[in-house]
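The values are calculated or read from the model by the stated rules, or taken from the named source; none is laboratory data. Please read these numbers as outputs of a predicted model, since none were measured by experiment. Quick reminder, even Gly has a Cβ in these numbers, built from the backbone with ideal geometry, and neighbours come from all protein chains shown. The accessibility values were calculated without ligands, DNA or RNA, using every heavy atom of the protein model including side chains. Shrake-Rupley method; radii C 1.70, N 1.55, O 1.52, S 1.80 Å.
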Amino acid sequence: MRAAGLPFGAVLEQELARGVKVTSYGIGGATAAGGERRWRASNLPEADLVVIAYGTNDAAPRGWLRRKKPVPIAAYKTAMTRQIRALRARGAQVILMAPPPGGSMAINHRLAPYRMAARDIARAENIPMLDPADAFASCSGSEPLLTHDALHMNPAGHQCLGRWLARQLCPTAVAP
């Protein structure tokens, strides 16, 4: 039985067969530099596969509605690259996930440079990149995937992304 309202990591775990364990270390509002500091200072268990997903908060996509300023692209790329290299040095396979698209042209305009930077980083580090825009495009139905703020995923968005990630990461292990 699938419970509504689960974060995409929990949905991913439900979708995968064979007892795959998914642990999310995400924190709301985190930037790439903050994530890097957190990974470096933590005693996180070893992982075989790590999906790194930063960029939305780095972009400060709400623009004039918030006082937060965007992180310079060069700083974003540096923090992401250091995380990738540190995780790979620990033996983990790393996949980069681009920031998900927003629900307005203004938000998407602010996210675009970070989405492009994620592609550049993945290419430079020779690692796979997954794009949540592809996940959102694959979800049929008329139900919105974002909350009223046009930025955060609602339960349908989390279900969509979690199921899509399962198909991307392990197509033969997805539960029926």
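Before moving on, here are some points about what is shown:
- Single residue of region 127-151 satisfying the filter (among the small types (Gly, Ala, Ser) and more than 15 Å from the chain's Cα centre (by Cα)) that is surrounded by the most Cβ atoms within 10 Å (Cβ to Cβ): Ala150
- Within region 154-176, the set of residues being of a type in the set (A, V, I, L, M) and buried (at least 21 other Cβ atoms within 10 Å of the Cβ) comprises Leu161, Leu165, Ala166.
- Residue in region 6-27 that is more than 18 Å from the chain's Cα centre (by Cα), modelled with pLDDT of 85 or more and of a type in the set (D, E, K, R) present: no
- Within region 133-176, the only residue that satisfies the criterion of being touching a Phe, Trp or Tyr at 6+ places or on another chain (Cβ under 8 Å), within 13 Å of Gly103 (Cα to Cα) and assigned to a loop (DSSP other than H, G, I, E, B) is Leu145.
- Elements of type helices (runs of 4 or more DSSP H) contained in region 1-111, each with 2 or more residues being of a type in the set (Asp, Glu): 8-15
- Among the residues of region 34-57, those identified as closer than 23 Å to Ala89 by Cβ, touching a residue at least 40 places away in the same chain (Cβ under 8 Å) and not hydrophobic (A, V, I, L, M, F, W, C) are Gly35, Glu36, Arg40, Glu46, Asp48, Tyr54, Gly55.
- Those residues of region 96-126 which are closer than 19 Å to Glu36 by Cα, among the hydrophobic types (A, V, I, L, M, F, W, C) and open to solvent by 20 Å² or more (accessible area, probe 1.4 Å), in sequence order: Ala124
- In region 41-51, of all residues being at pLDDT below 80 and open to solvent by 60 Å² or more (accessible area, probe 1.4 Å), the one that is nearest to Ala74 (Cα to Cα) corresponds to Ala41.
- Any hit, region 53-72, residues being of a type in the set (A, V, I, L, M, F, W, C), at pLDDT 95 or above and open to solvent by 30 Å² or more (accessible area, probe 1.4 Å): yes
- For Thr31, the criteria (1) touching a residue at least 24 places away in the same chain (Cβ under 8 Å); (2) hydroxyl-bearing (Ser, Thr, Tyr); (3) open to solvent by 70 Å² or more (accessible area, probe 1.4 Å) hold in every case but one, which is (3).
- Taking first residues from region 9-24 that are farther than 18 Å from Pro171 by Cβ and of a type outside the set (Lys, Arg) and partners that are modelled with pLDDT of 85 or more and open to solvent by 40 Å² or more (accessible area, probe 1.4 Å), the Cβ contacts under 8 Å between residues at least 6 apart in sequence or on separate chains come to Ser24/Pro7.
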